[in-house]
Amino acid sequence: GPDDLAARVAFPTTTPAETTAQAIAFLREQAAARPLAAVGIASFGPLDLDPASPTFGYLTTTPKPGWRQVDLVGPVRAALGIPVVLDTDVNAAALAERRWGAAHDVDTFVYITVGTGIGGGAMVAGRLIHGLLHPEMGHMRVPHDRAADPFAGSCPFHGDCWEGLAAGSAIAARWGTKGEHLPPDAAAWELEAHYLALGITNIVCALSPRRVVLGGGVMDQAQLFPLIRRELLTLLNGYVQVPAILERMDEYIVPATLRGNAGVLGAVALARQAVSGER
Ligand code: ZN
């Protein structure tokens with residue numbers, strides 16, 4: 001858990017062969033010091049998570065150069081001979097927030113990361129949602145008033161999807177500077193909160209989460225939280241009549257608590273599933 005990380009290493013994601021070899025070398029070093037029971041991999045996506053698929057455990061259509069149709073699980077399992085569990089970085093972070101963080105007391109919630117892109121992991125009744133693939137919440141369509149915001153959007157697949165309008169890369173492209181260089185009272189944050197609240201409104205209506213946990217670099221802008229809460233109430237317009245939203249909004253839209261450890265703890269939580277059989 002968060003207070004018990006025995007070792008950690010960070011290195012840049014370069015080519016699949018080089019990066020996978022570095023990861024395996026690190027795990028072999030650890031295995032020499034203590035027995036390893038399982039490996040969890042929390043990866044960017046999209047991923048093939050269908051056990052019946054011939055490319056189960058592969059990255060699929062990622063725009064990241066060189067990483068399309070790359071087997072993430074096979075080489076690690078072959079090298080170490082122990083169970084390897086793969087899920088998206090956001091699903092894994094959701095699992096970690098449920099076990100150790102901001103969602104420890106709810107079994108139906110959504111974790112959203114707003115960084116370079118936007119990703120969402122959803123847990124319903126204690127289980128992460130997987131289906132055809134896995135949720136791709138960042139690519140939902142949200143209303144875009146081009147008169148108020150002429151920015152065309154930055155998603156290479158859809159232009160002005162949610163991620164294309166509201167991710168960190170969209171903020172930088174629209175305003176000509178990274179979000180962290182914009183003053184906290186800039187109009188940029190009102191617009192950002194509007195877009196984030198639009199996406200969250202869709203998620204609240206579609207999945208009925210008991211809490212929405214927000215992480216990622218853009219959410220380091222703490223001024224966004226009150227703006228998003230207010231905008232969500234405006235957009236819902238009194239329709240979802242529950243005290244969690246009407247009276248306790250400060251506990252409904254909350255920051256992630258595991259922050260920079262969300263990914264690695266997510267991977268730990270995945271590996272624990274393989275060992276214990278828990279979901
Ligand atoms: Zn998109």
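Determine, for each peptide in 7-13, 118-124, 146-152, the mean count of other beta carbons within 10 angstrom over its residues, then list the peptides with the highest first.
Numbers: 7-13: 9.1, 118-124: 25.1, 146-152: 11.1.
Highest to lowest by the protection proxy: 118-124, 146-152, 7-13.
Write down the accessible area per residue of the chain in Å², having rolled a 1.4 Å probe over the full set of protein chains.
Result: 48 Å² of accessible area for each residue.
If packing is taken as the average number of other Cβ atoms within 10 Å across a peptide's residues, how do 204-210, 94-100, 25-31, 236-242 rank, most packed first? Intermediate values should be presented prior to the final figure.
On the way: 204-210: 16.4, 94-100: 25.7, 25-31: 14.0, 236-242: 11.1.
Output ranking for 204-210, 94-100, 25-31, 236-242: 94-100, 204-210, 25-31, 236-242.
At 222 nm, what helix-only mean residue ellipticity would the chain give, in deg cm²/dmol to the nearest 500, using -39500 (n - 2.57) for each DSSP H run of four or more? Walk me through the intermediate numbers first.
Working: 10 runs with 108 residues, N = 279.
Helices in the chain give a 222 nm mean residue ellipticity of -11500 deg cm²/dmol.
Could you calculate the FRET efficiency of residue 53 with residue 178 from 1/(1 + (r/R0)^6), where r is the beta carbon distance between them and R0 is 35 Å, rounded to 0.05? Let's see the in-between values first.
Working: r = 38 Å, r/R0 = 1.09.
Computed FRET efficiency for residue 53 and residue 178: 0.35.
Could you look at segment 132-275 and say what percent of its accessible area is carbon and sulfur, using a 1.4 Å probe and all protein chains? List each step's numbers first, then the result.
On the way: 3840 of 6860 Å².
Of all accessible area on segment 132-275, carbon and sulfur atoms account for 56 percent.
If you take the square roots of the eigenvalues of the alpha-carbon gyration tensor of segment 41-164 and sort them as a ≥ b ≥ c, do you get rounded (a/c under 1.5), prolate (a/b over b/c) or oblate? Spell out each step's value before the answer.
Details: a/c = 2.44, a/b = 1.35, b/c = 1.81.
It comes out oblate by the Cα gyration axes.
In Å and from the alpha-carbon atoms only, list the Rg and Dmax of the chain.
19.2, 61
Taking the Cβ of residue 159 as the centre, find all other residues whose Cβ is under 12 Å away and add up their charges (Lys, Arg: +1; Asp, Glu: -1). Can you show the working numbers first?
Details: positive: 141, 146; negative: 160, 163.
Neighbour charge sum, excluding residue 159 itself: 0.
For the pair residue 251 and residue 276, what calculated FRET efficiency results from E = 1/(1 + (r/R0)^6), where r is the Cβ-Cβ distance and R0 = 35 Å, to the nearest 0.05? Please report the intermediate quantities before stating the final value.
Details: r = 30 Å, r/R0 = 0.85.
Efficiency for this residue pair is about 0.75.
The values are calculated or read from the model by the stated rules, or taken from the named source; none is laboratory data. Worth saying up front: this structure is predicted, and the values here are computed from it rather than measured. Cβ sites come from the backbone with ideal geometry, for glycine too, and all protein chains shown count toward neighbours. SASA here: full protein model, heavy atoms, side chains in, ligands and nucleic acids out. Shrake-Rupley method; radii C 1.70, N 1.55, O 1.52, S 1.80 Å.
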